1. Inspect the range 99-112 for any residue being at pLDDT 95 or above, under 19 Å from GLN46 (Cα atoms) and in contact with an Asp or Glu (Cβ under 7 Å, 6 or more places away or on another chain) and give the result as yes or no.
2. Residue under question is ALA81, and the condition is that it be within 16 Å of GLY119 (Cα to Cα) and touching a Pro at 6+ places or on another chain (Cβ under 8 Å); does it hold?
3. Quick one: in the range 139-196, of everything that is part of a helix (DSSP H, G or I) and aromatic (Phe, Trp, Tyr), which residue is surrounded by the fewest Cβ atoms within 10 Å (Cβ to Cβ)?
4. I'm checking my understanding of the structure. Among residues of the range 35-50 that are within 17 Å of MET123 (Cα to Cα) and of a type in the set (Lys, Arg), which one is surrounded by the fewest Cβ atoms within 10 Å (Cβ to Cβ)?
5. Looking at the range 100-121 only, could you name the residues that are among the acidic types (Asp, Glu) and either touching a residue at least 60 places away in the same chain (Cβ under 8 Å) or under 10 Å from ALA49 (Cα atoms) (or both)?
6. Could you give me the residue pairs with C-beta distances under 7 Å whose first residue belongs to the range 122-138 and is more than 20 Å from ARG43 (Cβ to Cβ), whose second residue is in a helix (DSSP H, G or I) wherever it lies, and which are 6+ apart or on separate chains?
7. Could you list all residues from the range 167-184 that are over 22 Å from VAL92 (Cα atoms) and touching a residue at least 12 places away in the same chain (Cβ under 8 Å)?
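The values are calculated or read from the model by the stated rules, or taken from the named source; none is laboratory data. As the structure is a computational prediction, the values presented were derived from the model and not from experiment. Heads up, the Cβs are rebuilt from the backbone with ideal geometry, glycines too, and the neighbour counts pull from every protein chain shown.
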Amino acid sequence: MKKMTNNNTEKIRQKLEKNLSPSRYQHTLGVAYTSACLAMRYRADQEKALTAGLLHDCAKEYKEKELLKMAPDAGVVLTEAELNAPQVLHAVLGPWVAAKKYGVKDPDILSAIRWHTTGKEDMTLLEQIVFTADYMEPNRDKAPDLPEVRPLAFRDLDSCMRMITEHTLEYLDARGIEADPNTRNCYEWLKNKKESGNDHK
């Protein structure tokens, strides 16, 4: 599927196709379209969801050293947890790359890119959509909970995210890997939302 919904997203798609590996590009399209579908379901802005999905991994193929060099220019002060987890750096620097290289300035989109890997507490609907789409898009096939996650995402987004974050924390804990504090905060926030009856349904 080549055509996007407007000229701007089409230009972004073309540029990403040149800049990303074939597998990363296919994943990117999967996240973009899954984000748009979830936006339709939850009455979020489809264009923002599509754009954020397209750009969520725009910094993914930079090397760790390159991302660390970007941080001062981007005005980003990396936390100790981020420095100890290079796999999250592409999300931390992603908003800067999206703005600098792809001309995207919308703060809602940039924030969805920023939090698509770890999550955080008090996420916006758009942030939740891109986070969930990244986990479950059709090209994903490794997480054992995908058969549960995919239908749940379209029934109850908060419950779906709660499942994802809980299983992620369990996976990391079992392997002795320190989870990003934001992921734990995200899980606790979602758990509290359920208890207060404020889930996205």
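1. yes
2. yes
3. We begin by selecting, within the range 139-196, every residue part of a helix (DSSP H, G or I); these are 146-153, 157-174, 181-196.
Right, trim to aromatic (Phe, Trp, Tyr) and you get 171, 187, 189.
On the way: TYR171: 14, TYR187: 22, TRP189: 18.
Only one residue tops the list, namely TYR171.
4. ARG43
5. ASP108, GLU121 - these are the residues of the range 100-121 that are among the acidic types (Asp, Glu) and either touching a residue at least 60 places away in the same chain (Cβ under 8 Å) or under 10 Å from ALA49 (Cα atoms) (or both).
6. Once the first residue is more than 20 Å from ARG43 (Cβ to Cβ) and sits in the range 122-138, its partners that are in a helix (DSSP H, G or I) give ASP134/VAL31; TYR135/VAL149; TYR135/ILE164; GLU137/HIS27; GLU137/GLY30; GLU137/VAL31; GLU137/THR34; PRO138/GLY30.
7. Result: HIS167, single match.
Quick grid of which residues meet (1) under 16 Å from the mean Cα position of the chain (by Cα); (2) closer than 16 Å to ILE113 by Cβ:
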{"position": "ARG13", "(1), (2)": "no, yes"}
{"position": "PRO22", "(1), (2)": "no, no"}
{"position": "TYR25", "(1), (2)": "yes, no"}
{"position": "THR28", "(1), (2)": "yes, yes"}
{"position": "VAL31", "(1), (2)": "yes, yes"}
{"position": "THR34", "(1), (2)": "yes, yes"}
{"position": "MET40", "(1), (2)": "no, no"}
{"position": "ALA44", "(1), (2)": "yes, yes"}
{"position": "LEU50", "(1), (2)": "yes, yes"}
